[in-house]
Every structure is written in C-alpha cells, then in structure tokens.
Amino acid sequence: MENSIKPKLALSKKIRRGFYIVGGGIGALLLGLYGFVGVRLAIASRTHPTPEAIMLLGGGKGREQFTVEFAKAHPSLDILASGVRFPDGLEVFRDAGIPENRLYSNIYAVDTVGNFAHTVEELQKRNVHHVYLITSDYHMSRAVAVATLILGTRGIAFTPVSIATNEPPETWSWLRITRDTSRSIFWIFTGRTGANFTIHLKLKR
C-alpha cells in the first residue's frame, strides 16, 4: 500500500514542479515584455513629447464628428482612422473639408486589437512616434491597455483623448481588458490578432 502511494506522491510533486516552472517562465516573460514596453514608451515620450498624428478608433457614435473638430484645432496633424464605418464615417471628414491627404483610413479592423494591429505599421512608415488616441470614454481603458502593448513595443507613445458620452461602462470591462491584452501579446509574438477566433465565439453564442 505504502509503495503504491509513494510513486503517486512523486508524480504529483513533478506535476506541481512543472506548473511552477511554466508559471514562472510565463511570469518572467510578461515582466520582461512590460519592462521593455515601459522603456520604449518612456523614450518615445521624452524624445517626442508632442503628438505628431491623430489616431481615431472607430466604432462608436460621434467619434468621427469629434475627431473632425479636434483635427480642425490641430491642422498640421494627419488623421489615421481605424475601423471607421465605410463609406459613411469617411464622408464626415470630407463634408467637413478635411483634405484627403490628411486622412488615412483602415477599414479592415473589426475590434480594438485590430484597430492597433492594422494601423501601427502605417504609423511607423510615417515615422510617427507619438499620437493623440481618440475614442469614447467608456472604451478608453481597454484601448489604453492594448495601445500600451502594441504601440509600446514599436516605440510609439500616445496621449489619450476621451470623448464624453452618456453610455454606461462596458459590461465585464476587466474581462474584456484581459482578453484583449492576451490577444495583443499573442499578436506581438505571432503577428496574428486572433480576431477569427473571437468572431467564431460570438457566432456560436
């Protein structure tokens, strides 16, 4: 009886030790990643303290119109609109007289992670190191969490600009932030956002 218990205890210890090693490795990786991101954001903020472009996250009511007025107050800055409704969202800018050469639109993003993943390369091509980040107030916490990772790893700082709304806070906000943070880390290491998996889950519900 005692002989049969000892192998089970030894196996249990090995399993626990394996979990500790894997958990410790993941923890060290995340600490290293956030340390790297923190350094890159600090450098970008210090060397480029003033935003050089406007980044709009589409998908919320009134975001385009707010950005139009914001762009008029900052006439030297280009606008990178991600996930904006096509063509209605872009018409808001054209109707307001915003020159087309100031506007870059990415219509392929379907969610917050995609907004950044599909736009960050364009920011790098334009040699942008600091952006105004515009989105609705209820969405800003999640946007900042994703921007910290995706923009941060590329050395692009951001200044949040919240649009005041009467909308309630996002339901299960902490869960959404955890999900999108995990997807952002997945994108950093694989170049994939995991959007197809997210859409599949939504369809199954």
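So here's what we get for this one:
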item	result
Only listed residue being within 25 Å of T47 (Cβ to Cβ), assigned to a helix (DSSP H, G or I) and open to solvent by less than 40 Å² (accessible area, probe 1.4 Å), chosen from F93, F116	F116
Region 164-176 residues that are of a type outside the set (F, W, Y), paired with ones that are part of a loop (DSSP other than H, G, I, E, B) (beta carbon under 9 Å, 6 or more apart)	T165/G60; T165/K61; T165/G62; E167/G60; E167/K61; R176/E170
Qualifying positions in region 45-62 - among the basic types (K, R) and either free of Cβ contacts under 8 Å to residues at least 60 places away in the same chain or open to solvent by less than 10 Å² (accessible area, probe 1.4 Å) (or both)	R46
Count - residues of region 87-129 that are more than 21 Å from the chain's Cα centre (by Cα) and either of a type in the set (A, V, I, L, M, F, W, C) or under 17 Å from G194 (Cα atoms) (or both)	5
Every pair of residues 6+ apart whose Cβ atoms lie under 8 Å, when the first sits in region 135-146 and is within 14 Å of P168 (Cβ to Cβ) while the second is part of a helix (DSSP H, G or I)	S136/R63; H139/T112; S141/S173; S141/I177
Filter result for R40 (at pLDDT 80 or above, touching a helix residue (DSSP H, G or I) at 6+ places or on another chain (Cβ under 6 Å), open to solvent by 30 Å² or more (accessible area, probe 1.4 Å) and in a helix (DSSP H, G or I))	yes
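The values are calculated or read from the model by the stated rules, or taken from the named source; none is laboratory data. Since this is a predicted model, take the numbers as computed values, not measurements. Quick reminder, even Gly has a Cβ in these numbers, built from the backbone with ideal geometry, and neighbours come from all protein chains shown. The accessibility values were calculated without ligands, DNA or RNA, using every heavy atom of the protein model including side chains. Shrake-Rupley method; radii C 1.70, N 1.55, O 1.52, S 1.80 Å.
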